[in-house]
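The values are calculated or read from the model by the stated rules, or taken from the named source; none is laboratory data. Everything numeric in this text was worked out from a predicted model, so none of it was measured. Backbone-built Cβ (ideal geometry, glycine too); neighbour counts: all protein chains shown. Just the protein is used for accessible areas: all its heavy atoms, side chains included, with ligands, DNA and RNA removed. Shrake-Rupley method; radii C 1.70, N 1.55, O 1.52, S 1.80 Å.
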Amino acid sequence: EVQLQASGGGLVQPGGSLNLSCAASGSGFDDYAIGWFRQAPGKEREQIACINGRGGSVYVADSVSGRFTISRDNAKNTVDLQMNSLKPEDTAQYSCAKVDDDYSGHFRCPRVLGPWGQGTLVTVSS
């Protein structure tokens, strides 16, 4: 079973950038799609982006499209989320998890397959 740990959060000003990293331990990392999620206080958890096992297919949510980029380095067992042009509404707890990959239409990762770990807090404020 792959275990995932998110890191890289912190306090950043609006318009700034931050890179989050999802580090994996365990075997079979490159066999699995990985998703990034966020949950703000009082809000539903939202999938921000996902990437398939080889890194050739990605999904980015409309709410962050054009500002966030997901990538992976399977040699390092990491999936990164580069966040640019950050807005106060991006403030949330960010987590990563193993997800499935669906190619039946536009590429999507509709289901969480692995257990949730502790996320990393991103605060966007001036």
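Output the residues belonging to the range 76-97 that are open to solvent by 30 Å² or more (accessible area, probe 1.4 Å) and not basic (Lys, Arg). Hits for the range 76-97 are 77, 80, 82, 84, 85, 88, 89, 91, 93. The set of residues in the range 31-59 being surrounded by 15 or more Cβ atoms within 10 Å (Cβ to Cβ) and farther than 16 Å from residue 112 by Cα consists of 55, 57. So, in the range 66-110, of the ones that are of a type in the set (Ser, Thr, Tyr) and more than 13 Å from the chain's Cα centre (by Cα), which residue ends up nearest to residue 38 (Cα to Cα)? By that ranking, first place goes to 91.
The condition of being in a loop (DSSP other than H, G, I, E, B), closer than 18 Å to residue 17 by Cβ and in contact (Cβ under 8 Å) with a residue 12 or more places away in the chain holds for residue 126. Here the range 17-30 is the region considered, the condition is being surrounded by 14 or more Cβ atoms within 10 Å (Cβ to Cβ) and over 12 Å from the mean Cα position of the chain (by Cα), and the residue that is nearest to residue 91 (Cα to Cα) is 18.
Selection of first residues in the range 98-112 that are of a type in the set (Val, Ile, Thr) and of second residues that are in a loop (DSSP other than H, G, I, E, B), restricted to Cβ pairs under 7 Å at least 6 apart or on distinct chains, gives the following pairs, ordered by first then second residue: 99/109; 99/111; 99/113. Residue 73 falls short on exactly one of the conditions (1) at pLDDT 95 or above; (2) exposed (fewer than 14 other Cβ atoms within 10 Å of the Cβ), and that condition is (1). Is it the case that residue 113 is modelled with pLDDT under 95 and aliphatic (A, V, I, L, M)? The answer is yes for residue 113.
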